[in-house]
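To keep things clear, I will list the structure first and then write my remarks on it.
Bear in mind that the values in this text are calculations on the coordinates, not laboratory data. Being a predicted model, the structure only gives us computed values, none of them experimental. Virtual Cβ from ideal backbone geometry, glycine too; neighbours counted across all protein chains shown.
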Amino acid sequence: MTWGDQQLPSTCWGDDYHTRCVACLLGIPITERLLHDRELTREEGIKMIQVDLLFTAEVGGKEVTRQGAAHVSFGILKRHYEELLNRCNQLLKPDTKEEYEEQVQVRLACIKAFLLLLVGWTLFTGKNNRSINLLWLLALQDIYELGNWAWGAMRLAFLYEQLPLTSDSSVASCGSYMTLLVVIFFFLLFYLLDRKCLIVCIILVLI
């Protein structure tokens, strides 16, 4: 996959530390591609939001400027997705070549907007839970390459990166999808403890 004239790096999440920790602790071999953790520039964010999501230059520029980084708010992205979806419905039966070309572009942008909402709400939830980092849009640029990204490994590494914040008294909240942590906890309990102990633990938690 390329971004502009440059080949996207296939290096591990962050400085490779969190990904290696996850792979070592859980014994998971990581063979797919991983995003390189970096802060996108304002110019990169504006270009991506225009090219991949079909935001206008004015709206895209204002949104990235308002966020102060290459992020997009959930509300803006959700409304834009609904507009793209309505336009898709209007172009179900294109009459001209121009309408057919527009249909292809709008459909791809609609799919990317939906997937960005999905990963932003679930897999890679930010601390403020109000905006989505456009970094994840890099992995959505080529729809046909989605299966070549190590989503599970990136997800676990992102969760592992956020865990230290849970013990910091000065931090009000942390990012990531904590429901996954609960699932992993009960999954490990199921295999480490016998059923009677597990039932007792569940009862104590409910009490």
query = Long-range amide H contacts for Thr125: which residues qualify at under 5 Å (H placed 1.01 Å from N, peptide plane, sequence gap of 5 or more or a different chain)?
reply = Ser176, Tyr177
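Which length gain, in nm to one decimal place, applies between Arg38 and Phe74 when the Cα-Cα distance is subtracted from 0.36 nm times their residue separation? Before the final figure, lay out each step's value.
On the way: separation 36, 0.36 × 36 = 12.96 nm, distance 2.10 nm.
Full-extension gain reported as 10.9 nm.
Would you list Asp37, Asp142 from fewest to most Cβ contacts within 10 Å? Walk me through the numbers on the way to the answer.
Working: Asp37 19, Asp142 14.
Final ranking by Cβ density, sparse to dense: Asp142, Asp37.
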